[in-house]
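*Asks:* To start, I am sharing the structure in question, which I have written as structure tokens.
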Amino acid sequence: MERMPFGKTADGKEVSRFKLTNAAGAYVQIINYGGIITAINLPDREGRLGDVVLGYDSLEEYVQDRNYFGAIIGRTANRTENACFELEGVEYKLGKNEGNNHLHGGVAGFNKALWDAEMVGSKDGESLLLSYLGKDGEEGYPGNLQARVRYTFTDKNELVMEYGAISDRDTVVNLTNHSYFNLSGHQSGSVLGHKLMICGDRFTPIDSALIPSGEIRSVAGTPMDFMELTAIGARIGWDDGQLLHAGGYDHNWILGNGGKVPEKAAEVVDETSGRVLEVFTTKPGIQFYSGNFLDSVLGKEGALYGKRSGFCLETQYFPNSMKHKHFPSPVLKAGEEYRSTTIYRFSVVA
Ligand code: GLA
């Protein structure tokens, strides 16, 4: 594993970039600012390496970024309506960073934090262990939360993300990663031709603020039906209320897993490069976001990222789950351990 300097934060702290290489010569780069995955270089069907995640060249651009490229999201991913929730009869007010709502951990979420980093070996591959202490009251959340993320890049081209957290007060936790993928290569333009499968036959419909209303709806007969591999762009332009709210896909699908061992949640096939991404998780939900807000973002190596030039598959508790008691609960009790695992497994098809 290599560790290289990657600039300094505004208050003078050194940021490093870590390179995790596997036996096949594929590699992942991660910085300890935001725990951001800055590059994932994988072979295509011809064996040529290509970088399949959107990103920037410099730390300054990651500091300015509003798209959450590659970052760890916490303390809670996605949206909380009116930026407040109630826990054991007490109301907590969170930072508002999207109108009246709280998105992706607030103004200074875990994606803007400097994490402690430790390079560790493991039998499965090179690992990077990141840790960050989210303070009691930070962005309005109760409890000092010690969060950990372990990234391991295996010889089977799997990026394993193991999340852990422990708090000294009851709190809410929902950690994820916000990588934007383009399996043809980060600079390849639209992902609408990629084929997607999601292992869920129900989703949580959103309102015009992109917040789940609490309803649980079958995907049958709707453009949300990705039970079989279907091009992302096949139905994205349909005159469908759910698509119109979000300007495309930006919804949470309900996964049927039991939460103990990672189970398959989604698969994406890019026939152009032959690259395939499979997602496995212990989480009950997955947000499929089709990059609708990307608007001529100047990225790495001079790339210009337009609308829908990357997609995200963010494993999560359902958005707004503190409002809807029939959604799985993101509450973490004091002294108990939060654990979840998500795996991005890459391969190629002929
Ligand atoms: C998430 C949200 C999107 C958008 C992106 C960041 O995926 O669901 O609506 O906010 O993050 O732009």
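*Asks:* Gap in Å between the Cα centre of the stretch 30-60 and the Cα centre of the stretch 161-190?
*Replies:* A separation of 14 Å, based on Cα centres.
*Asks:* Quick one: what are the phi-derived ³J(HN,Hα) couplings along the stretch 27-32, Karplus 6.51/-1.76/1.60 with θ = phi - 60°, whole Hz, x for glycine and proline?
*Replies:* 8, 10, 10, 9, 10, 8
*Asks:* Another question, then. Roughly speaking, what is the stretch gain from Met227 to Glu337, that is 0.36 nm per residue apart minus the C-alpha to C-alpha distance, in nm to one decimal?
*Replies:* Full-extension gain reported as 36.3 nm.
*Asks:* Once you've got the Cα coordinates, tell me which of Lys112/Lys156; Lys135/Lys195; Lys13/Lys323; Lys156/Lys260 are over 32 Å apart.
*Replies:* Working: Lys112/Lys156 30 Å; Lys135/Lys195 41 Å; Lys13/Lys323 38 Å; Lys156/Lys260 22 Å.
Check vs 32 Å cut-off fails for Lys135/Lys195; Lys13/Lys323.
*Asks:* Report ³J(HN,Hα) in whole Hz for each residue of the stretch 268-274, in order, from the Karplus equation J = 6.51 cos²θ - 1.76 cosθ + 1.60 where θ = phi - 60°; Gly and Pro get x.
*Replies:* 10, 10, 10, 5, 5, 8, x
*Asks:* Moving on. Give the aspartates and glutamates reachable from Lys93 as a straight Cα distance under 14 Å; neighbours fewer than 8 places away on the same chain don't count.
*Replies:* Glu81, Asp136, Glu138, Glu139
*Asks:* Also, I was wondering about something else. So what are the ³J(HN,Hα) numbers for the stretch 285-301, from phi and the Karplus equation (6.51, -1.76, 1.60; θ = phi - 60°), rounded to whole Hz, Gly and Pro as x?
*Replies:* Per-residue couplings from phi come out as x, 9, 8, 9, 10, 9, x, 5, 8, 5, 9, 6, 8, 7, x, 4, 6 Hz.
*Asks:* How large is the translational diffusion coefficient of the stretch 2-348 in µm² per second when you combine the Kirkwood radius over alpha carbon pairs with Stokes-Einstein at 25 °C and 0.890 mPa s? Walk me through the numbers before you get to the answer.
*Replies:* Working: Rh = 20.1 Å.
Using the Kirkwood radius from Cα pairs, D works out to 122 µm²/s.
*Asks:* Helix-derived [θ] at 222 nm for the chain: sum -39500 (n - 2.57) over DSSP H runs of at least 4, divide by residue count, nearest 500? It would help to have the intermediate numbers written out before the result.
*Replies:* Working: 2 runs with 12 residues, N = 350.
Computed ellipticity for the chain at 222 nm equals -1000 deg cm²/dmol.
*Asks:* Ranked from highest to lowest mean number of other Cβ atoms within 10 Å per residue, what is the order of the peptides 66-79, 222-235, 83-96, 260-273? List each step's numbers first, then the result.
*Replies:* On the way: 66-79: 24.9, 222-235: 16.6, 83-96: 14.4, 260-273: 18.6.
Highest mean packing first, the order is 66-79, 260-273, 222-235, 83-96.
*Asks:* Going by amide H atoms built from the backbone, whose H comes under 5 Å of the H on Thr222, apart from near neighbours?
*Replies:* Under 5 Å from the amide H of Thr222: no residue qualifies.
*Asks:* Please give the Cα centre distance for the stretch 249-284 versus the stretch 120-151, rounded to the nearest Å.
*Replies:* Going from one Cα centre to the other spans 23 Å.
*Asks:* Which order, highest average first, do 184-196, 107-119, 10-22 follow once you tally other Cβ atoms within 10 Å for each residue and take the mean per peptide? Write out the running numbers ahead of the final one.
*Replies:* Values: 184-196: 19.8, 107-119: 18.0, 10-22: 15.2.
Final packing ranking: 184-196, 107-119, 10-22.
*Asks:* A further question follows. How far, in nm, would the chain grow between Glu215 and Met119 when pulled straight, counting 0.36 nm per residue and subtracting the alpha carbon separation?
*Replies:* Between Glu215 and Met119, full extension yields 30.2 nm more.
We did not get these values from a lab; they are worked out from the coordinates using the rules stated. All of these numbers come straight from a predicted model, not from anything done at the bench. Ideal geometry is used to build each Cβ from the backbone, glycine not excepted, and the neighbour counts take in all protein chains shown.
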